[in-house]
Amino acid sequence: MKTDIQKSNEAITPNSRELTILKKYFPQCFSKPDTDENGNIIKEHFDIEKLTELLNKDEVDIKKEGFTLNFLGKSYAHYQSNLDSETVIVPDEKNAETNSDNVYIVGDNLDALQHLKYSYAEMIKCIYIDPPYNTGKDDFVYNDKFGFTPKELVEKLDISEEEAERICSMNGKCTHSAWLTFMYPRLALARELLRDDGVIFISIDDNEQANLKRLCDEVFGEGNNLINCIWVNGRTSASHFTKSHEYILGYAKNIELLPLFEYNGRENISDRTIKKPGEKNPLSDIDFPAGIEFECEDKIFPNKFGQSEPVEIVKGIFECKNGKLANPVTIRAAWAMADMIKNWLKGERVIDQKGQVVSRFYFKSNGVLQYEKIKGTIHPSSVIQNITTKSGTNEIDNLFGKTVFPFPKATDLIKYLMPMTKDEDIILDFFSGSGTTAHAVMDLNANDTGNRKFIMVQLDEPVKKDSEAEKAGYKTIDEIGRERIRRAAAKIKAEHPDTTADLGFKTYYLKSMPKETLDKIKTFDPNALISSDGNIIKSLGEKTLLQTWQIKDGFGFNAVPQKIDLSGYTAYLLDDEKIGKYLYLLGDIEEKSIKELIRKIESLELTVDKIFIYGYSFDFNMLTSITTNLKTLKNRNPLEPIVRY
């Protein structure tokens with residue numbers, strides 16, 4: 001028998017997500033669908049002309065031709081982005097740090113993203129990833145685990161058999177098409193996770209930079225391209241030119257909703273307010289009242305002074321006395337910010353074009369009007385210098401005593417890309433490697449008392465044979481990443497003994513259902529559900545099942561289930577103001593426990609919005625009993641239990 005997710009995936013089409021969005025926001029563009037004798041939808045009917053009518057043609061140019069990115073496997077990649085993961089989430093109870101909100105996931109990042117979309121959609125502020133560069137040197141080989149046959153792809157994707165065979169033949173290859181097929185669903189899901197004011201940064205080199213730019217333009221929208229950074233990384237290779245840089249592409253979820261990057265500190269900037277007279281800065285007069293600050297000893301200035309940037313006193317005596325302008329004066333100069341000066345003199349709040357507050361205007365000892373503003377925004381350069389790959393290697397060497405991970409990114413690079421993050425923001429890295437991003441997040445929090453949270457995802461990829469990592473006892477990349485976070489946390493704590501930053505993390509493993517379990521589920525024979533270590537639920541593990549459903553239902557990793565005692569049977573309650581109160585019944589149950597559940601609900605001792613039941617744990621009689629009792633509740637509306645498999 002197939003699980004609910006397997007059944008759901010069978011019904012998925014490459015455009016399932018797009019159809020869902022269109023139905024949600026443009027239901028008037030759909031006419032009655034064709035259905036079979038059982039009422040199942042065979043074909044949808046969408047009226048594109050009606051959608052065109054809804055758009056304001058004066059504001060939107062309806063294009064007849066377009067420029068798109070096409071590659072072998074694109075339809076399959078699109079299809080993958082719509083699927084749900086068939087893995088379960090296994091919490092690492094031995095190494096769990098219950099007080100930490102940080103998360104480390106071990107498993108395929110496509111599976112991880114498919115899980116995360118249910119609890120973290122539109123919640124991630126910043127994503128940084130360092131995907132394989134596809135250099136042809138074993139850093140990337142496309143390995144598809146879904147195992148569709150060409151015939152199945154023809155049916156699912158509505159493509160030719162020849163194309164289906166070519167897609168299947170990409171397995172084990174490192175072509176451009178294979179790399180794009182690998183990246184497309186991951187970026188599509190990443191976009192779902194970003195907040196409306198969220199950003200994503202992606203490291204890449206020349207092997208796939210052009211293709212990645214085109215792919216990101218399609219997934220995030222060309223208009224949301226934030227920056228294409230050049231990172232001068234200190235590594236050089238020579239041919240006709242000496243190459244010493246890589247790229248970091250940055251995209252916003254919605255660039256119109258992304259504010260300028262705030263400066264996480266308080267720093268005053270000061271400069272003069274006059275320029276050399278010219279067409280852009282013509283001479284004009286401004287009246288200044290007495291009492292304006294004057295950083296000068298008592299002094300009377302001449303009516304004219306300054307060479308290339310002349311100042312003329314048109315009216316009044318320009319005199320400093322006791323640190324103030326002694327008399328009202330009218331001054332003629334080529335003012336660089338005349339309107340701001342006049343507004344400030346009126347007592348209005350002045351903000352410059354960069355969003356920085358001008359705190360005061362004052363005269364310096366040379367008689368020139370100066371402004372002072374609070375640095376409110378930061379504007380990183382598109383050319384990143386003085387942060388090298390070597391500095392990332394040095395960080396690893398200092399933590400481990402040897403280079404257990406080749407060419408890691410430096411924490412300073414990650415911090416350079418995160419000026420928009422602040423307290424409570426969630427940062428995601430689903431190619432987390434050595435854990436640089438997690439290290440950077442903890443370091444930022446320790447330095448500015450922030451409470452950013454991280455989610456790291458790393459495949460349990462074996463380390464290279466005879467490498468420094470293997471000699472040091474590490475078997476997989478994720479082991480190095482988690483150990484790096486622990487060591488970095490200890491170092492940060494030593495440097496900031498009073499810090500309250502979250503320096504821990506919880507670990508979760510993504511695991512496929514055991515074949516033995518799946519075989520027994522397929523028989524749907526209650527007697528066959530018993531295995532050597534107990535029944536199916538014990539084989540799977542209550543905590544694993546609960547954790548998987550907790551994410552599926554939107555509660556996230558950090559919600560703590562409340563145990564509800566039902567005459568010796570333990571049920572689990574999750575409560576969230578936005579989601580509701582969900583009760584989970586996971587193991588097989590007795591009649592006395594069902595009666596206690598009904599009693600608690602009817603007496604209002606237990607408030608429940610939804611009840612979820614693990615179908616394999618309930619025989620037919622118990623399922624019928626609990627369903628019947630919940631439909632005939634006293635003192636409240638009936639409940640229909642949701643049975644999952």
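Evaluate the stretch 134-150: report whether one residue or more is closer than 16 Å to Leu510 by Cα, out of contact with any strand residue (DSSP E or B) (no Cβ under 6 Å at 6 or more places or on another chain), open to solvent by less than 10 Å² (accessible area, probe 1.4 Å) and in contact (Cβ under 8 Å) with a residue 24 or more places away in the chain. Scanning the stretch 134-150, I find no residue that is closer than 16 Å to Leu510 by Cα, out of contact with any strand residue (DSSP E or B) (no Cβ under 6 Å at 6 or more places or on another chain), open to solvent by less than 10 Å² (accessible area, probe 1.4 Å) and in contact (Cβ under 8 Å) with a residue 24 or more places away in the chain, so the answer is no.
Inclusion of Ala178 among residues that are of a type in the set (Gly, Ala, Ser) and in contact with a Ser or Thr (Cβ under 9 Å, 6 or more places away or on another chain) is not warranted. Kindly indicate whether Ile248 is in contact with a Cys (Cβ under 6 Å, 6 or more places away or on another chain) and not small (Gly, Ala, Ser). Criteria met by Ile248. The residues on offer are Cys174, Cys168, and the sole one that is in contact with a Gly (Cβ under 7 Å, 6 or more places away or on another chain), open to solvent by 10 Å² or more (accessible area, probe 1.4 Å) and not polar (S, T, N, Q) is Cys174.
Given the conditions (1) among the aromatic types (Phe, Trp, Tyr); (2) part of a strand (DSSP E or B); (3) more than 17 Å from the chain's Cα centre (by Cα), which single one is not true for Phe407? It fails just one condition, (2). Going through (1) under 21 Å from the mean Cα position of the chain (by Cα); (2) not in a strand (DSSP E or B) one by one, Ile427 falls short only on (2). Annotation: of all residues in the stretch 444-480 being outside any helix (DSSP H, G or I), acidic (Asp, Glu) and closer than 28 Å to Leu113 by Cα, the one that is least open to solvent (accessible area, probe 1.4 Å) is Asp460. Any residue that is assigned to a loop (DSSP other than H, G, I, E, B), open to solvent by less than 10 Å² (accessible area, probe 1.4 Å) and out of contact with any Gly (no Cβ under 8 Å at 6 or more places or on another chain) - is there at least one of those in the stretch 95-110? Yes, that holds for at least one residue. When Lys213, Lys156 are screened for being surrounded by 15 or more Cβ atoms within 10 Å (Cβ to Cβ), more than 23 Å from Glu461 (Cβ to Cβ) and at pLDDT below 90, only Lys156 passes. Residue pairs whose Cβ atoms lie under 6 Å apart, separated by 6 or more positions or on different chains, with the first residue in the stretch 168-186 and under 19 Å from Gln114 (Cβ atoms) and in contact (Cβ under 8 Å) with a residue 40 or more places away in the chain and the second open to solvent by less than 20 Å² (accessible area, probe 1.4 Å) and not in a helix (DSSP H, G or I), are Thr181/Gly73; Phe182/Tyr142; Pro185/Ser81. Selection within the stretch 219-245: residues that are closer than 18 Å to Asn134 by Cβ and open to solvent by 60 Å² or more (accessible area, probe 1.4 Å). The member of this set that is modelled with the highest pLDDT is Lys243.
Yes/no matrix, rows are residues, columns are (1) touching a Leu at 6+ places or on another chain (Cβ under 6 Å); (2) among the aliphatic types (A, V, I, L, M); (3) under 30 Å from Ile455 (Cα atoms):
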{"position": "Leu566", "(1), (2), (3)": "yes, yes, no"}
{"position": "Gly580", "(1), (2), (3)": "no, no, yes"}
{"position": "Asp588", "(1), (2), (3)": "no, no, no"}
{"position": "Asp609", "(1), (2), (3)": "no, no, yes"}
{"position": "Lys634", "(1), (2), (3)": "no, no, no"}
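Quick grid of which residues meet (1) open to solvent by 40 Å² or more (accessible area, probe 1.4 Å); (2) among the charged types (D, E, K, R); (3) in contact (Cβ under 8 Å) with a residue 24 or more places away in the chain; (4) under 28 Å from Ile480 (Cβ atoms):
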| site | (1), (2), (3), (4) |
| --- | --- |
| Thr377 | no, no, yes, no |
| Thr389 | no, no, yes, yes |
| Asp397 | yes, yes, no, yes |
| Phe400 | no, no, yes, yes |
| Pro408 | no, no, yes, yes |
| Asp412 | yes, yes, yes, yes |
| Met418 | no, no, yes, yes |
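Can you say whether Thr377 is among the hydroxyl-bearing types (Ser, Thr, Tyr) and at pLDDT below 95, as far as the supplied structure shows? Yes, satisfied. Inclusion of Leu113 among residues that are more than 30 Å from Pro419 (Cβ to Cβ), open to solvent by less than 10 Å² (accessible area, probe 1.4 Å) and in a helix (DSSP H, G or I) is not warranted.
Contact map, the stretch 191-210: first residue more than 16 Å from Trp231 (Cα to Cα) and open to solvent by 30 Å² or more (accessible area, probe 1.4 Å), second residue outside any loop (DSSP other than H, G, I, E, B) and not basic (Lys, Arg), Cβ cut-off under 8 Å, separation 6 or more or different chains; pairs are Arg191/Ile200; Arg191/Val219; Arg191/Phe220; Arg195/Ile124; Asp196/Leu257; Asp197/Ala252; Asp197/Leu257. Counting only helices (runs of 4 or more DSSP H) that sit completely within the stretch 1-93, those holding 2 or more residues that are at pLDDT below 80 correspond to 4-11, 16-25, 48-54.
The values are calculated or read from the model by the stated rules, or taken from the named source; none is laboratory data. Model, not experiment: these values are computed from the prediction. Every residue, glycine as well, gets a Cβ built from its backbone with ideal geometry; the counts of neighbours run over all protein chains shown. The protein model used for the area step is the full one, side chains on, heavy atoms only, and it has no ligands, DNA or RNA in it. Shrake-Rupley method; radii C 1.70, N 1.55, O 1.52, S 1.80 Å.
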